[in-house]
Amino acid sequence: MEVSLTAGAIGKIMSGEVTTEADMIPVLQVTELKQLKAYQDPTRERFRMGLSDGTHLHQGMLATDLNDLVKQGTLQFGSIVRLTHFGVHVVQTRRIVIVRELEVIKSNSDIIGRSVPGGKHNDQRVADSGVKLNTTGSEQRGSGVSQVNNIETGRSNAAISPQVDQRPVFGTGSSVPASTTPSTRVDSNPSAGHGVPRLDHARDPPTSYPRQPQPPPPMYANRGPVARNEASPRIIPINALSPYSGRWTIKARVTNKAALKQYSNPRGEGKVFNFDLLDADGGEIRVTCFNAVADQFFDQIVVGNLYLISRGSLRPAQKNFNHLPNDYEIMLDNASTIKQCYEEDAAIPRQQFHFCTIGDIESMENNSIIDVIGIVSSISPTVTITRKNGTATPKRSLQLMDMSGRSVEVTMWGNFCNAEGQMLQNLCDSGGFPVLAVKAGRISEFNGKAVSTIGSSQLFIDPDFVEAHKLKDWFEREGKSVPCISLSREFSGSGRVDVRKTISQIKDEKLGTSEKPDWITVSATIIYMKVENFCYTACPIMNGDRPCSKKVTANGDGTWRCEKCDKSVDECDYRYILQLQIQDHTDLTWVTAFQEAGEEIMGISAKDLYYVKYEHNDEEKFEDIIHKVAFTKYIFKLKVKEETFSDEQRVKATVVKVDKLNYSSDTRTILDAIDKLKTGDGSSLSINIKPEGSHYNADAVNTGTGSSGTRDPSSVQRRDFGLHAHQSGQSGNHYSSGSRPHGGDATTTSCNVCGNSGHVSANCPSSTTEPQGQYMGGSYRGTSGSYGGGIPRQHVGSY
Amino acid sequence: MDTSSPSAFVNGALLRRFIGQKVRTVIQVTGSEIGSVVGKSTDDLQIVVRGSSPPSPLTTYLEVIGIAESDNAIRAETWTNFGNTFDTQNYNELCKLANGEFKHLFI
């Protein structure tokens, strides 16, 4: 069949009229097809095609997912293709066609017409660094057929002649970045591998492997008779920077400068520092300098000043540390230059923020980095938090509120406590409500949602921004009286949500087996307490504000030695270590209670009890006390964690807190649970055959989401499903707990047996079974769906 | 435990369903005379309890077990002082559940 190529398509592409398939879907012929190897990723090949419309020819790159077409031979030299999804990217006046999808109309065909390389002739090429296979967007293909062959070999002919129509060569043939710049220099950075004909050498051009911590020495040193154009560098916007950019210069203001850090990694030691830049277009990028370069520039850089920076290399940004909205970061080397601009440029802002409202924070993911601004409604003094490893860090928290009507706790760590923290404290104490802007704060899920500072955070007090003024105005007018809903809960001793569970759930849900311990609350009765070893001798030496409490060993002479503190003491503390067996209506388990909980349970201090038993040998009194403990019901807050004891995994539960059972509130909790059961899936009467199985779903199962505390049925359902996801064991029975999708109708009950509403399966006229006296409240809801009439157990014939 | 004559948990509204049957309820005492005690049920309806030997002194809350005579009167056989603090809302919910959805668990 005769296929005709879209005449003039290439011309249009070159002129910019056509940039994507939305403009035109051209039919072109492949007049060249070459495979390029990416040295950085030799497993991936890239194919470069010469696309012709019969009169003009242009280079295009094939997206790697289309590679198979070439391999299978569908797409070959002479194929006529229709570009169904492509993009023409302009990078520094060069156009590169990236083909993402195409249709092969004819695999094999004679070449139509005589095409010449059309479009822009880029006479100059500049070799770039940091060529990455995957950054398709910035791949460039220069025109210039004659140089095509050089690409793969990685040769640079630049050294041979300054001819500009030589293609610059890059070790990584995958994309031959060739950008035009006004300069006649062929190569702006050593990565071009100039003069290095060997592939592998070219493979390791100094700055194109930005992963190395130290910039390799520049390979070129004024090689080649090319004149370097130092004068009047073109300033490009930060957002246009890419690894394929040629020689670039940016003019920007330093918004943040980090300290000079020493590091040592397997490759050796070094030092590094980084700073962030912001330019007139709002582009931001981080600049990193290592070792010698760091020394060179560290003193030069001052936050707030404008600098012209050129000749750095680009590499992908490390999102862990770099929270700027740029995919790349700059690495400077010896060839880079930083020049300060003394004349002010008002176009370049001092700082740029992307504020979110506090209301948004609620829905954001944990650990995301954000900027936020608000009014400080309260601030508390610095406290010192001792971490497990013993280091003490200052921490200060404040409440920040904004126009969304929500407030959140902002936690400052380290230096922020003293510097900004103190200032804020002073302002607040004197009755003011300062505006605080936080840049790069991290969202944490501690006590609901909170924002905390990280190393690279910045705090601005009463800044001079539009948003700050707006906030202040709002606050004056209404903010003061508007009640703010806090996203962060008050810091309670344990800070956990009260997750009510039954003891059987510990086993069923395999609590404690994941990496982190599980914190749950159970309402149970103590049925037995081990009398032997109810306490141990403990070290009384204070470590910060807590006693060491490690077990001390007797030295024989009446003194006691603590290994951790490495000291001996005359008098040791006695601390409880009670092994208790607790039971609720579902199951029983052993738990360990330490000092605080122990005292609460026993009603007497460990030391006194020890004396009663051992010193006074008052058996009767001792027994009395022990007996009183048994069969007392409490609310236990447990920390459940799986531990390994010589090859065996055992789930251990520690009592963190003990509360006397308040029947009234406990009953309310249970009533709520019952309600939830009802709204969740009608009246679920799944009876569990296994004795331990019947348990009720806890109230707030998902600790992270419950900040607003609403219990609307739809959310209940959602949460339950989440619960089901990790509930194991019972699934055998739970099938169809026959729930009718109730969708929040709390009042009608539906029968599992016949599916009608108005009665429950026990009363169902069609059922002849007797309801069993088991605790019906426990329903293990299977999946939600509407299993009309699937009944858990009895298979009464009628349905 | 003697389960020969179970009594249904009722509040004011449910009492009428059990006329002639044995019921139990907790009332908040509002007044007492010889032979009868008047109180408020957990759902705020007035209940009169007749019978011999109410305990004295009466605490605020009183549980009575007896036969329901009408929709607001009970002939009590057993009286128990429940103290001065009592969560009426919980009890009310209990009555509703015990006679509604979970009736099969009780009687």
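Rundown of residues vs (1) open to solvent by 20 Å² or more (accessible area, probe 1.4 Å); (2) assigned to a strand (DSSP E or B); (3) modelled with pLDDT of 80 or more; (4) more than 27 Å from A:Q581 (Cβ to Cβ), yes/no style:
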{"position": "A:S514", "(1), (2), (3), (4)": "yes, no, no, no"}
{"position": "A:I520", "(1), (2), (3), (4)": "no, yes, yes, no"}
{"position": "A:I527", "(1), (2), (3), (4)": "yes, yes, yes, no"}
{"position": "A:Y536", "(1), (2), (3), (4)": "yes, yes, yes, no"}
{"position": "A:S549", "(1), (2), (3), (4)": "yes, no, no, no"}
{"position": "A:R561", "(1), (2), (3), (4)": "yes, yes, yes, yes"}
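Restricting attention to the range A:65-99, the residues that are outside any strand (DSSP E or B), among the aliphatic types (A, V, I, L, M) and over 15 Å from A:L28 (Cβ atoms) total 1. Inspection of the range A:646-661 identifies no residue that is over 25 Å from A:D508 (Cα atoms), of a type outside the set (K, R) and either within 35 Å of the chain's Cα centre (by Cα) or part of a helix (DSSP H, G or I) (or both).
In summary, A:G282 fulfils each of the numbered conditions (1) of a type outside the set (V, I, T); (2) touching a residue at least 40 places away in the same chain (Cβ under 8 Å); (3) surrounded by 20 or more Cβ atoms within 10 Å (Cβ to Cβ) with the single exception of condition (3). Scanning the range A:375-389 for residues that are buried (at least 16 other Cβ atoms within 10 Å of the Cβ) and within 23 Å of A:H469 (Cβ to Cβ) yields A:I375, A:V376, A:S377, A:I379.
When the range A:390-427 is filtered for residues that are under 19 Å from A:H323 (Cβ atoms) and open to solvent by 50 Å² or more (accessible area, probe 1.4 Å), the ones remaining, listed by number, are A:W413, A:N415. Of all positions in the range A:432-454, at least one carries a residue that is surrounded by fewer than 15 Cβ atoms within 10 Å (Cβ to Cβ), farther than 28 Å from A:E365 by Cβ and over 28 Å from the mean Cα position of the chain (by Cα).
Listed here are the residues, each with its yes/no results for (1) touching a residue at least 40 places away in the same chain (Cβ under 8 Å); (2) closer than 26 Å to A:N322 by Cα.
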residue	(1), (2)
A:D429	no, no
A:P434	yes, no
A:G441	yes, yes
A:V451	yes, yes
A:Q458	yes, yes
A:I461	yes, yes
A:F465	yes, yes
A:W474	yes, no
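For A:I503, the criteria (1) at pLDDT below 80; (2) of a type outside the set (K, R); (3) farther than 21 Å from A:E596 by Cβ hold in every case but one, which is (1).
Number of residues in the range A:242-263 that are open to solvent by less than 10 Å² (accessible area, probe 1.4 Å), of a type in the set (K, R) and over 14 Å from A:I309 (Cβ atoms): the value is 0. Filtered by the rule that a residue be open to solvent by 60 Å² or more (accessible area, probe 1.4 Å) and part of a helix (DSSP H, G or I), the range A:611-635 gives A:Y611, A:Y614, A:E615, A:E619, A:E620, A:K621, A:E623, A:D624, A:H627, A:K628. Only one entry of A:P316, A:P266, A:P325 meets the criterion of being closer than 26 Å to A:P463 by Cα and either open to solvent by 30 Å² or more (accessible area, probe 1.4 Å) or hydroxyl-bearing (S, T, Y) (or both), and that entry is A:P325. Filtering the range B:2-14 for residues that are surrounded by 16 or more Cβ atoms within 10 Å (Cβ to Cβ), aliphatic (A, V, I, L, M), within 13 Å of another protein chain (Cβ to nearest Cβ) and over 10 Å from the mean Cα position of the chain (by Cα) leaves an empty set. Taking A:V293 as the residue in question, decide whether it is part of a helix (DSSP H, G or I), touching a strand residue (DSSP E or B) at 6+ places or on another chain (Cβ under 6 Å) and in contact (Cβ under 8 Å) with a residue 24 or more places away in the chain. Yes, satisfied. Residue count for the range B:38-75 satisfying the condition of being open to solvent by less than 30 Å² (accessible area, probe 1.4 Å), away from every other protein chain (no Cβ under 14 Å) and not in a strand (DSSP E or B): 1.
Pairs linking a residue in the range A:655-676 that is closer than 12 Å to A:I601 by Cα and within 13 Å of chain B (Cβ to nearest Cβ) to a residue that is among the small types (G, A, S) and not in a helix (DSSP H, G or I), with Cβ atoms under 8 Å and 6 or more positions apart or on different chains, do not occur. Pull up the range B:80-107, narrow it to residues that are open to solvent by less than 30 Å² (accessible area, probe 1.4 Å) and among the polar types (S, T, N, Q), then point me to the one that is farthest from the other protein chains (Cβ to nearest Cβ). Within the range B:80-107, the match that is farthest from the other protein chains (Cβ to nearest Cβ) is B:N99. Within the range B:76-88, residues that are part of a strand (DSSP E or B) reach partners that are among the aromatic types (F, W, Y) with beta carbons closer than 9 Å, at six or more positions or on different chains, in the pairs B:N81/B:Y61; B:F82/B:Y61; B:G83/B:Y61.
Every test in (1) polar (S, T, N, Q); (2) away from chain A (no Cβ under 14 Å); (3) in a loop (DSSP other than H, G, I, E, B) is passed by B:T25 save one, and that test is (3).
Taking (1) open to solvent by less than 70 Å² (accessible area, probe 1.4 Å); (2) more than 35 Å from the chain's Cα centre (by Cα) in turn, A:R500 satisfies each apart from (2).
The values are calculated or read from the model by the stated rules, or taken from the named source; none is laboratory data. What you are looking at is a predicted structure, and each value in this text was computed from that prediction instead of being measured. Neighbour counts are summed over all protein chains in view; Cβ atoms, including those assigned to glycine, are modelled from backbone coordinates with ideal geometry. The accessibility values were calculated without ligands, DNA or RNA, using every heavy atom of the protein model including side chains. Shrake-Rupley method; radii C 1.70, N 1.55, O 1.52, S 1.80 Å.
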